Amino acid sequence: MFSYSTVNFIFLMFVILYLPRIWCWFAPFKNQKRVFNYKKNKFALIIPARNEGKAVLPLFESIENQSYDRSNFDVFVVVKEYDDPVIEYAKKINAEVFVDTNQTCKGDCLDSTIKKILKKYPGIYDGYFIVDADCVLDSNFMEEMNNAMATGADVINAKKLVKNYLPGNQSTCNLVTACNGLIWTFMDEMGNRWKSDHGFTTMTITTGILISKKLVEKWGGWIYRATLTEDMELERDCALQGYKTFYYSYAKIYMEEAPSLEMTNKRRTRWMTGVTHSDLLYGPKLLKKEKTFYNLVNNYYVLCLWVVYAYVAALILIGGVNLVSGFIALFSASASFRYFAMTLYCFMGIYLIFFALTAMAILVSYDQITLGFVDKIKLLFIHPLFYMKYISIVAKALVNKEPQTWEVIERIKVQK
């Protein structure tokens, strides 16, 4: 039905179209330029903590251990119920607690909290941190983020690492956590590093993020609530509005990864559905923006996942047609081998692009991954299959326009 040359041509076109993104992969082999700030800014640190329980304790301990002077930042913890045990934990670190019983998504939580802070402490804070309750901050996190403010960026993201790799947490570390943990390497060091260094919009994840006073006061709250991925809406609007973003690899935050495949799939289904819906919401607006060279390149980096979608969809279509043809040929006494071989060829065409991504991500983050050598080899070959699960997730998101519900995510028990 389709020749090998057709598949080869599709692969070649994909490589050409995706080459600017591949170029970003090599940025981490050169140290990022350090930034220093002599001004000690005043910060508000916001922690959404709905039904988090003791999962917040490692974060609270890391807040207490910050090298940045505690007098220069205040902590605000947000819960959903008045009897949430997190309230008592928050008091021990002198955090102020807000109860928002009406929150239906993280965006709602941020909106109500920021509005309360602006009303109660007008003009006090130079920047607003957002940190998820299951994270842990490096001891120099706030100091380095304050340094990054010297760039004049309105939105700053820290380097995201895997909390499960920290000493004492090895029982929560397996191939599932390692598979999903590679996404932060691909997103940050193999993506945001190059984009940040060259003035393009970075992928903004709303944990370990710092947003300037100027933007927060302009919004008067939190305006990104159309999907459950408020961070992806923020990124696309930064590109649309021309807000300056910055990624700083010296500020580090540790992210929790679920050790079960079921929970991991739930997390990435919710996130990837929001990514797709954010593209459908903001993509047309970005494409209508003035066609300057910068805007065209910036739009490419914001929306380049669609190059991958198109490539994968084309090979699935070709592979699917050949698979059906192969089964039909079985009943017509024709040779079906060539049809099945083409199906396998298409599968390998998808697998190999994810294998290349995996190999580079492991190389970049090799010392951070605390798995043994044999498990790292397993990771190299298993992760492409893990990533191929995104095919069905994205397909469902494109068909189902309904947003995912904000379900409570099960937390793992980790040590210090």
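The values are calculated or read from the model by the stated rules, or taken from the named source; none is laboratory data. Since we're looking at a predicted model, the values are computed, not measured. Neighbour counts run over all protein chains shown; Cβ positions are idealised from the backbone, glycine included. For the accessible areas, the whole protein counts, side chains as well, though only heavy atoms, and no ligand, DNA or RNA atoms are used. Shrake-Rupley method; radii C 1.70, N 1.55, O 1.52, S 1.80 Å.
For V7, all conditions in the list (1) open to solvent by less than 50 Å² (accessible area, probe 1.4 Å); (2) among the β-branched types (V, I, T); (3) within 28 Å of the chain's Cα centre (by Cα) hold save one; what is the number of the exception?
Result: V7 passes all but (3).
Restricting to region 47-61, name every residue that is open to solvent by less than 30 Å² (accessible area, probe 1.4 Å), assigned to a helix (DSSP H, G or I) and either in contact with a Phe, Trp or Tyr (Cβ under 8 Å, 6 or more places away or on another chain) or free of Cβ contacts under 8 Å to residues at least 12 places away in the same chain (or both).
Answer for region 47-61, where residues must be open to solvent by less than 30 Å² (accessible area, probe 1.4 Å), assigned to a helix (DSSP H, G or I) and either in contact with a Phe, Trp or Tyr (Cβ under 8 Å, 6 or more places away or on another chain) or free of Cβ contacts under 8 Å to residues at least 12 places away in the same chain (or both): V56, F60.
Scan region 62-84 residue by residue and report those that are modelled with pLDDT under 90, open to solvent by 50 Å² or more (accessible area, probe 1.4 Å) and not acidic (D, E).
Once the filter is applied, which keeps residues that are modelled with pLDDT under 90, open to solvent by 50 Å² or more (accessible area, probe 1.4 Å) and not acidic (D, E), region 62-84 yields only Y82.
Working only within region 288-302, note down all residues that are part of a helix (DSSP H, G or I) and either open to solvent by less than 30 Å² (accessible area, probe 1.4 Å) or of a type in the set (V, I, T) (or both).
The answer is N295, V297, N298, N299, Y301, V302.
So, in region 303-337, how many residues would count as being modelled with pLDDT of 90 or more and open to solvent by 70 Å² or more (accessible area, probe 1.4 Å)?
Total satisfying the criteria: 3.
Exactly one of these conditions fails for T264: (1) closer than 24 Å to C179 by Cβ; (2) open to solvent by 40 Å² or more (accessible area, probe 1.4 Å); (3) of a type outside the set (G, A, S). Give me its number.
If we test T264 against (1) closer than 24 Å to C179 by Cβ; (2) open to solvent by 40 Å² or more (accessible area, probe 1.4 Å); (3) of a type outside the set (G, A, S), just (2) comes out false.
Kindly provide the set of residues from region 349-392 that are surrounded by 14 or more Cβ atoms within 10 Å (Cβ to Cβ) and acidic (D, E), ordered by number.
D375
Here is a list: M263, M272. Which entry is modelled with pLDDT under 95 and closer than 24 Å to S196 by Cβ?
M272
Table: residues versus (1) touching a Pro at 6+ places or on another chain (Cβ under 8 Å); (2) over 20 Å from N37 (Cα atoms); (3) buried (at least 19 other Cβ atoms within 10 Å of the Cβ).
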{"site": "N102", "(1), (2), (3)": "no, yes, no"}
{"site": "L110", "(1), (2), (3)": "yes, yes, yes"}
{"site": "K115", "(1), (2), (3)": "no, yes, no"}
{"site": "L118", "(1), (2), (3)": "no, yes, yes"}
{"site": "G123", "(1), (2), (3)": "no, yes, no"}
{"site": "F129", "(1), (2), (3)": "no, no, yes"}
{"site": "D132", "(1), (2), (3)": "yes, yes, yes"}
{"site": "M149", "(1), (2), (3)": "no, no, yes"}
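For region 64-82, name all the residues that are within 14 Å of T101 (Cα to Cα) and β-branched (V, I, T).
Passing the criteria: V77, V78, V79.
Has region 125-148 got at least one residue that is part of a helix (DSSP H, G or I), under 24 Å from A239 (Cβ atoms), modelled with pLDDT of 95 or more and not acidic (D, E)?
Yes, the conditions are met somewhere in region 125-148.
Here's the yes/no breakdown for (1) closer than 30 Å to M13 by Cα; (2) among the aromatic types (F, W, Y); (3) in contact with a strand residue (DSSP E or B) (Cβ under 9 Å, 6 or more places away or on another chain):
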| site | (1), (2), (3) |
| --- | --- |
| E230 | no, no, no |
| E233 | yes, no, no |
| Q241 | no, no, no |
| G283 | yes, no, no |
| V297 | yes, no, no |
| Y301 | yes, yes, no |
| G319 | yes, no, no |
| N322 | yes, no, no |
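If the requirement is being open to solvent by 10 Å² or more (accessible area, probe 1.4 Å), part of a strand (DSSP E or B), under 19 Å from E144 (Cβ atoms) and touching a Cys at 6+ places or on another chain (Cβ under 9 Å), which of these qualifies: Y254, Y250?
Testing whether each residue is open to solvent by 10 Å² or more (accessible area, probe 1.4 Å), part of a strand (DSSP E or B), under 19 Å from E144 (Cβ atoms) and touching a Cys at 6+ places or on another chain (Cβ under 9 Å) leaves just Y254.
Got a number for residues in region 67-90 being farther than 19 Å from I124 by Cβ and assigned to a strand (DSSP E or B)?
Within region 67-90, residues that are farther than 19 Å from I124 by Cβ and assigned to a strand (DSSP E or B) number 1.
Quick one: is V275 within 15 Å of the chain's Cα centre (by Cα) and either within 30 Å of Y345 (Cβ to Cβ) or among the acidic types (D, E) (or both)?
Judged against the criteria, V275 is a match.
Just checking, does region 264-281 include any residue being in a helix (DSSP H, G or I) and aromatic (F, W, Y)?
yes
Out of all the residues in region 176-205, which are in contact with a Pro (Cβ under 9 Å, 6 or more places away or on another chain) and more than 16 Å from Y250 (Cα to Cα)?
V176, T177
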